[in-house]
Each structure stands twice: as C-alpha cells, then as structure tokens.
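S.K.: Dropping the structure in here first, questions after.
Taken together, the values in this text are just the output of simple stated rules run on the coordinates, not laboratory data. From a predicted model like this one, the values you see are computed outputs, not experimental measurements. Neighbour counts run over all protein chains shown; Cβ positions are idealised from the backbone, glycine included.
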Amino acid sequence: MSNRIVVPFGPQHPVLPEPIHLDLVLEDERVVEAIPTIGYVHRGLEKLVEKRDYKDYVLIAERICGICSFTHSVTYCNAIEHIMGVEVPPRAQFIRTIWMEYSRMHSHLLWLGLAADAMGFENLFMNAWRLREEILDDMEATTGGRVIQGTCKVGGIRRDIGDDKLGEMVDHLKKIRPLLEESNRIFTHDQTVRHRMRGLSVLSEKDAWDLGAVGPVARGSGCDMDVRSSGYSAYGELGFKPVTFSHGDCLDRCLVRSEEVLASVDLVERAVAKMPDGPIEEKVTGNPEGECFAFSEQPRGECLHYVRANGKKNIVRHRVRTPTFTNVPPLVKLLEGIELADVPVVVLTIDPCIGCCDR
Amino acid sequence: MSYITKSPWIIHYDGSSCNGCDIEVLACLTPLYDLERFGIVNTGNPKHADVFLVTGGINAQSEAVVKNTYEQMPDPKVVVAVGICACTGGVFRECYNIIGGVDKVIPVDVYVPGCAARPESIIDGVVRALGILEEKRAKMAEKGGK
Amino acid sequence: MIEQKHTIIEIEVADLLKKTEEYHKAGHRLVQIGTTPLGDRYEINYTFTTAWDFESLRITVHDGDELPSISGIYWGAFIYENEINDLFGIPVNGMNIDFKGHLIETRIPTPFKNPPKITKVPKGGDA
Ligand code: SF4
C-alpha cells in the first residue's frame with residue numbers, strides 16, 4: 001500500500017478568500033478523499049427572525065452574502081409577497097430584474113478574476129476586476145451601494161431608476177460589451193487557461209443531477225437547470241434562455257459564467273427596452289400568515305428561501321438553502337482523483353461563497 | 001526601519017463577514033483603487049505581516065484563528081477592523097453565534113465604519129494604521145527594542 | 001411573483017425511505033431537506049423535483065425521535081442531514097459521511113432545538 005497522508009487545507013490559506021477547511025487524504029500527489037468542514041462564518045442569522053419584524057428582516061436577508069446580496073433580498077420578499085398575496089407593480093419587477101442581473105455580472109466577473117488568479121494569470125485577474133468596477137459604478141449610481149444595496153423592500157423597491165439613467169446604463173453596457181467579449185475570448189482560447197482547466201475533474205451530467213448540483217456547476221455539465229426559465233420576477237417576459245455547456249470539466253464551468261455575463265447584458269438591454277411605467281411599490285399592511293418556498297437563480301445557482309409565518313409581526317421560520325451548500329457534495333466528488341496542485345482551481349470552480357453556505 | 005511604513009504587508013482574515021467587506025478589501029488591491037501603489041502587499045502568511053485586516057464579527061470558530069493569527073504576527077503590528085460587523089457585530093450582533101466585534105478578542109487600532117465599508121474608507125483606515133504603526137515602532141525603539 | 005408550483009405531501013417517518021426511493025427511481029433530484037421547529041414538534045421537508053414543479057415530502061418528528069438517513073439513496077443528502085443533527089439535535093442514523101456534530105460549530109449546542117430559547121450565552125455578545 002502506498003503512503004496515505006492527510007493534508008489540512010484552510011481555513012486561513014492564501015488562495016482562499018474565505019474560510020473553508022478541507023481535509024485532503026493524499027496518496028502521493030493524488031487526492032483520494034476530501035472531507036470539508038464548513039461553519040467558519042456561521043452567524044445563525046436565521047434565528048434573527050425572532051428579533052426583527054418581517055419587513056426589517058429584508059436587510060438581514062440581504063446580508064446573508066455580500067455578493068448575491070440583492071438576489072437574496074428579492075427572494076425573501078418574493079416569499080413574503082406570495083404569502084400575503086401582494087401584487088408587485090411591473091415596473092418594480094423589471095427594476096428588480098435589472099439589479100439582479102447587475103449582481104450576476106459583478107459576481108461572475110469577480111469569480112472569473114479569482115479563477116484567473118488561482119491559475120496564476122495575474123493580468124486576466126486584474127482585467128476582470130477592472131471590468132467589474134464598471135458594473136459596480138452603475139450599481140452604485142442607481143442604488144447607492146456597491147455590494148450591499150438595501151433597495152429591495154416587501155411590496156416593491158425603494159428607488160426608481162429614471163428613464164435617462166436607464167438609457168445611460170444601456171449605453172455604458174454597449175461600451176463595455178466589446179471588452180467583455182475580449183475577456184471571454186481569452187477564457188475560451190488562451191493556451192494557459194485551456195491547459196489548466198480542460199479535462200480537469202469532470203462531472204458527468206448524471207452525477208451532477210444525482211448529487212444535486214445547481215447553477216453553473218450543473219449547467220457546465222449539460223443540465224438545463226436555471227430557475228430563471230420558470231419566469232419569476234420579470235424573466236418570463238424577457239425571453240430567457242439558459243447557457244449550458246457539455247464537457248462538465250473546469251473549463252466549461254468557467255465558460256458558463258463568462259457567457260452568462262454577456263447573456264445578462266442582453267437581459268438588461270431587453271428589460272430597459274420593455275420597461276413599463278407606473279408605481280414602484282405596493283403598500284403592504286398587516287402581517288403574513290402561511291408558508292412559502294421561493295426559488296431564485298443566484299449567480300451561484302438555485303437558491304431557496306422558505307418562510308413560515310403565523311400572522312405575527314415576527315415570522316416563525318426562515319430557512320435559506322443556498323447554492324454553495326448544495327454544491328458541497330459535488331465538490332467532494334470533484335476533488336477525488338485530482339492532483340494536489342489543482343485543488344485551488346477545482347475548489348474555485350464551484351464558486352464557493354462561504355458567507356452563503358454557513359449563514 | 002522605514003521599510004515598514006514604506007512597504008507594509010497586510011494580511012486579511014474573514015471573521016464571519018457576509019463577504020461584502022471581504023470583496024471590498026480585495027477590490028482595494030485591484031486596478032481602480034490599487035493599494036499596491038502605496039507599496040502595500042497582501043500576504044497570506046501572518047509572520048510576514050504588519051497590518052491585520054479583519055472583516056466581520058467574531059464567532060465561535062473564528063475566535064481561535066483570529067487570536068492565533070494575531071499572536072503570530074511580529075511586533076510592531078496594527079489591527080484594522082473593517083466594516084460595522086468587525087467594529088461592533090453590526091446587524092448580526094444579536095445572533096447566537098456571534099461574540100461581538102473584533103475588539104472582544106484582540107486589541108483594535110483603527111475602526112473602519114460602513115456596511116459594506118467602501119474601498120476609499122478602507123484605504124483611509126490602512127493609511128491611518130500606518131501612522132499608528134510608526135508610533136508603535138518609535139516607542140519600541142525608545143524602550144531599546146529592535 | 002412566483003411561478004413555481006409546489007405540492008406538499010404529508011407522510012409518516014416509516015414511509016420516508018420507500019417514498020424517497022420512488023422519487024429517485026423516477027429521476028427526481030433532491031433539492032433540499034429543511035427543518036422547521038414549531039415549539040412542540042419539528043416539520044421536516046424533503047423537496048424533490050424534475051423541472052420547476054416541486055414536491056415536498058413532509059414528516060413530523062418530536063424531540064427524542066430519530067431519523068433514518070436517505071444518504072444511501074441520494075449520496076449528497078449527508079450535508080443536510082448533518083445540518084439537522086448539528087442545529088436541531090435530531091439524530092440521523094446511517095449517514096454516509098457523519099461529521100458527528102462538527103459540520104457547523106456553534107457556541108451553544110443545537111441552537112434551533114425546541115423550545116426556541118437562548119438564555120445563557122458563554123461570554124460577550126448580547127444575544
Ligand atoms: S459590515 Fe455589512 S457588508 Fe461588511 S461584513 Fe458586515 S454585513 Fe457584510
């Protein structure tokens with residue numbers, strides 16, 4: 001029998017922006033088993049429903065994660081609105097959708113940068129983050145916040161975007177579109193990227209489905225699984241088509257994200273073109289009573305907010321099942337059989353968001 | 001020993017943040033804000049670091065890691081708490097798993113407010129920390145330290 | 001606006017494995033396992049889907065009950081089952097990867113356990 005050693009990886013590790021711990025069982029340089037430990041940033045925020053009323057809690061829901069922040073608040077609001085039978089005005093739905101797509105763009109660009117960094121491709125890293133700043137500029141101009149927006153509320157949104165500004169946003173996106181295409185071209189064709197990622201830790205379509213993979217991990221393996229196709233918020237009216245790739249390797253998981261950035265640009269453009277007029281919020285009175293499972297597609301995949309309320313100001317239970325949490329079992333399978341030096345890249349390809357995962 | 005103030009190395013640890021402040025810390029290092037122009041380098045090794053950036057409140061699991069990292073850093077050293085969570089616990093202060101701000105476990109020199117803390121204020125915080133670092137160094141030299 | 005359909009089917013704990021097996025055979029994926037503490041009992045939802053019509057099996061358990069693990073059927077279920085064990089203190093028997101309460105470390109053991117009260121906190125904080 002060859003030598004087996006256990007290498008601890010994390011929580012404080014230079015390649016990990018966030019704390020996750022993996023015990024890697026190695027046979028020579030190969031990983032034979034990986035056991036994750038999470039919970040380094042567990043705060044227990046689901047318990048805060050007992051202390052905050054359901055409207056204030058939107059702000060806490062937003063802070064589950066600072067990257068998918070806006071999508072978390074929208075999903076939570078969707079659940080409450082569904083329970084209370086509140087009809088959110090169309091303009092609010094469209095603007096929510098635009099902000100959700102902006103979060104997706106900034107999240108994916110952030111990820112593409114980190115992936116480049118994990119490969120040692122510093123230039124591409126900086127480039128992706130520079131483009132991300134352009135997206136954040138518009139985000140900040142319209143919501144007032146770069147990563148935490150605080151503009152979603154039960155019944156609608158807190159701020160409108162003027163029609164001039166919408167036009168400017170589209171112009172801005174038109175300007176950065178060629179830059180995004182250029183960076184995508186690097187991910188698709190560059191030798192370094194292909195060499196590091198093509199054929200690395202393949203997840204077959206069947207495994208992805210069975211293990212419950214969601215988001216770009218599942219779509220990189222060919223599963224056509226994107227909650228946006230179910231048409232929540234304004235997606236139903238925008239003619240959304242999911243991006244899928246079929247190899248199931250690290251490169252395809254990466255390409256799903258880089259293509260999705262462009263798909264988001266399209267969605268924003270279409271949303272602006274179809275933007276309805278009207279109010280941006282519906283007055284909400286009373287307390288919710290009932291239960292609801294609300295699903296949404298976050299940058300990292302399908303997310304579920306379960307809300308249970310009993311007619312009081314404080315809801316009884318808020319349960320969040322975040323995409324990273326579900327993607328942990330696929331990650332464990334993905335790590336089996338790869339070399340130690342590839343571990344950082346493979347861990348990154350599921351886009352671990354530990355803030356979400358641990359809550 | 002002007003190398004410390006001219007080229008301080010920072011280390012970052014995520015206590016239990018929501019990532020909001022984390023990515024803003026990272027954003028400081030990228031082209032638009034570019035902390036590196038001040039000679040600042042982000043390191044992963046506490047023994048190389050002069051400035052310790054902590055984001056997020058301290059929870060049951062990160063308590064030991066934060067203490068440990070702090071102790072491994074050589075003197076003089078400064079701690080910057082980035083974001084309201086790191087200052088006081090922020091919106092999560094009432095969560096069962098949160099002990100509180102970073103100052104509950106290690107001494108903090110600079111508090112950077114904001115949720116999320118903006119890159120500009122983070123840079124400001126780091127630059128102030130450098131002033132404090134210099135003072136600490138001068139005091140050490142007075143006492144006849146290294 | 002929510003466009004997804006969701007059906008909830010109440011079942012007995014004893015039927016759980018059989019039903020889960022049926023879903024697995026029919027090609028459903030496991031979406032989640034989520035627990036709701038309700039003062040004197042817990043509701044546990046096992047959600048499955050093939051597309052955007054979700055179905056949840058709902059079982060009701062009480063303090064002191066134990067659950068069978070479905071990780072033999074859905075390999076990835078261990079993550080949810082460990083969560084149930086760590087946060088709610090409901091033991092799950094036969095998990096393929098058992099973290100023995102160390103998946104999520106908390107300052108107070110099983111914080112979501114019924115009845116929901118947190119009176120003593122070790123130190124610091126004002127929870
Ligand atoms: S201060 Fe705000 S953005 Fe920063 S970690 Fe805390 S909740 Fe997140």
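S.K.: Choose one of A:Ala263, A:Gly311, A:Gly239: the residue whose Cα lies farthest towards the positive end of the charge dipole of chain A (beta-carbon charges +1 Lys, Arg; -1 Asp, Glu; about the Cα centre).
M.R.: The Cα lying farthest towards the positive end belongs to A:Gly311.
S.K.: When a footprinting reagent is the concern and you count Cβ atoms within 10 Å, what order do A:Leu200, A:Leu136 take, fewest first?
M.R.: With the sparsest Cβ surroundings first, the list reads A:Leu200, A:Leu136.
S.K.: Moving on to the next point. Can you tell me the equivalent ellipsoid semi-axes for the stretch C:5-93? Use √(5λ) from the Cα gyration tensor, largest first, whole Å.
M.R.: In descending order, the three semi-axes are 20, 14, 12 Å.
S.K.: In addition: Under unit Cβ charges (Lys, Arg +1; Asp, Glu -1), what dipole magnitude, rounded to 20 debye, does the stretch C:5-93 have relative to its Cα centre?
M.R.: For the stretch C:5-93, the charge dipole is close to 380 debye.
S.K.: Another question, if that's okay. With a ≥ b ≥ c the root eigenvalues of the C-alpha gyration tensor of the stretch B:9-145, is it rounded (a/c under 1.5), prolate (a/b larger than b/c) or oblate?
M.R.: Cα axes put the stretch B:9-145 in the oblate bin.
S.K.: Here's another thing I want to ask about it. 5 Å is the cut-off here: which amide hydrogens, built 1.01 Å from N in the peptide plane, fall below it relative to A:Arg317, excluding neighbours closer than 5 in sequence?
M.R.: A:Arg308
S.K.: Just tell me which aspartates and glutamates come within less than 20 Å, Cα to Cα, of C:Lys19; anything on the same chain fewer than 8 places away is out.
M.R.: Excluding near neighbours in sequence, the set is A:Asp210, C:Glu10, C:Glu43, C:Asp53, C:Glu55, C:Asp65, C:Glu66, C:Glu81.
S.K.: Another question, then. Compute the helix-to-body angle for A:163-189: its Cα long axis versus the longest principal axis of chain A, expressed 0 to 90° and rounded to tens.
M.R.: The angle comes out near 10 degrees.
S.K.: Angle, helix A:90-118 long axis vs. longest principal axis of chain A, Cα atoms, 0 to 90°, nearest 10?
M.R.: Roughly 20 degrees, rounded to the nearest 10.
S.K.: Run the dipole for the stretch B:21-146 about the Cα centre, Lys and Arg Cβ at +1, Asp and Glu Cβ at -1, nothing else charged, and hand back the magnitude in debye, nearest 20.
M.R.: 340 debye
S.K.: Next question. Enumerate the residues in the stretch C:64-92 having an amide nitrogen under 16 Å from the point lying 7 Å beyond the Cα of A:Ser204 toward its Cβ.
M.R.: C:75
S.K.: Which loop trypsin sites (Lys or Arg not before Pro) in the stretch C:1-98, with loop taken from DSSP, have no more than 16 other Cβ atoms within 10 angstrom of their Cβ?
M.R.: Hits after loop and neighbour filter: C:Arg41.
S.K.: So how do A:Ser183, A:Ser264 line up by other beta-carbon neighbours within 10 Å, fewest first?
M.R.: With the sparsest Cβ surroundings first, the list reads A:Ser183, A:Ser264.
S.K.: Which value at 222 nm does the protein assembly as shown reach when only helices count, each DSSP H run of 4 or more adding -39,500 (n - 2.57), with the total divided by all residues and rounded to the nearest 500 deg cm²/dmol?
M.R.: -11500 deg cm²/dmol
S.K.: Please report, to one decimal in angstroms, the Kirkwood hydrodynamic radius of the stretch A:237-326 built from all distinct Cα-Cα pairs.
M.R.: Its Kirkwood hydrodynamic radius stands at 16.6 Å.
S.K.: Run down the aspartates and glutamates and flag those whose C-alpha is under 15 Å from the C-alpha of B:Lys47, throwing out any fewer than 8 positions away in its chain.
M.R.: B:Lys47 reaches B:Glu71, B:Asp75.
S.K.: Right, next: Taking Cα atoms of the stretch A:1-159, Rg/Rh with Kirkwood Rh, to two decimals?
M.R.: My calculation puts Rg/Rh at 1.09.
S.K.: Report Rg(Cα)/(2.2 N^0.38 Å) for the stretch B:51-110, keeping two decimals.
M.R.: Output field value: 1.04.
S.K.: Skipping prolines and chain starts, which residues have an amide H placed within reach, meaning under 5 Å, of the one on A:His21, given they are 5 or more residues away or on another chain?
M.R.: Distant-sequence amide H within range of A:His21: A:Thr37.
S.K.: Averaging the inverse of every distinct alpha carbon separation and then flipping it gives the Kirkwood radius. What is it for chain A, in angstrom units?
M.R.: Radius from the Kirkwood sum: 20.9 Å.
S.K.: Further question: On a 29 Å Cα-Cα criterion, which of the cross-link pairs A:Lys241/A:Lys313; A:Lys313/B:Lys104; A:Lys206/C:Lys5; A:Lys153/B:Lys67; A:Lys241/A:Lys274; A:Lys55/A:Lys333 come out too long?
M.R.: The answer is A:Lys241/A:Lys313; A:Lys313/B:Lys104; A:Lys153/B:Lys67; A:Lys55/A:Lys333.
S.K.: Taking the Cα centre of the stretch B:63-134 as origin and charging only Cβ (+1 Lys, Arg; -1 Asp, Glu), how large is the dipole, in debye to the nearest 20?
M.R.: Its charge dipole is roughly 140 debye.
S.K.: A further question follows. From the residues B:Ser62, B:Pro76, B:Gly114, which one has its Cα farthest along the dipole of chain B in the positive direction, the dipole being from +1 and -1 charges on Cβ of Lys/Arg and Asp/Glu about the Cα centre?
M.R.: B:Pro76
S.K.: Also: Pick out, from B:Gly15, B:Thr88, B:Val105, the residue whose Cα sits farthest towards the positive end of the charge dipole of chain B, with +1 on the Cβ of Lys and Arg and -1 on the Cβ of Asp and Glu.
M.R.: B:Val105
S.K.: May I pose another question? So, how do all the Cα-to-Cα distances of the stretch A:104-262 break down into 10 Å bins, in percent, from 0 on up?
M.R.: 10, 32, 36, 19, 3
S.K.: Mind checking which of A:Pro242, A:Pro178, A:Pro323 has the largest fluctuation in a GNM of chain A, springs on alpha carbons under 10 Å?
M.R.: Checking each option, the largest mean-square fluctuation is seen for A:Pro178.
S.K.: Next question, about the same structure. Which residues' amide hydrogens lie under 5 Å from the amide hydrogen of A:Gly290, considering only partners 5 or more residues apart or on another chain, with H built in the peptide plane?
M.R.: Here A:Ala309, A:Asn310, A:Gly311 satisfy the definition.
S.K.: What is the Å³ per residue value for the convex hull set by the Cα atoms of the protein assembly as shown?
M.R.: 151 Å³
S.K.: Shifting gears a bit: Could you work out how far the C-alpha centroid of the stretch A:20-50 sits from that of the stretch A:270-321, in angstrom?
M.R.: Spelled out, the Cα-based centre of one part sits 29 Å from the other.
S.K.: Still on this structure, I have one more. Give a quick list of GluC sites (Glu not before Pro) in the stretch A:263-343 that DSSP marks as loop, anything other than H, G, I, E or B, with at most 16 other Cβ atoms within 10 Å.
M.R.: A:Glu282, A:Glu336
S.K.: Taking the 0 to 90 degree range and rounding to the nearest ten, how far is the long axis of helix A:69-84 tilted relative to the main principal axis of chain A, both from C-alpha atoms?
M.R.: Between the helix axis and the principal axis of chain A, the angle is about 50 degrees.
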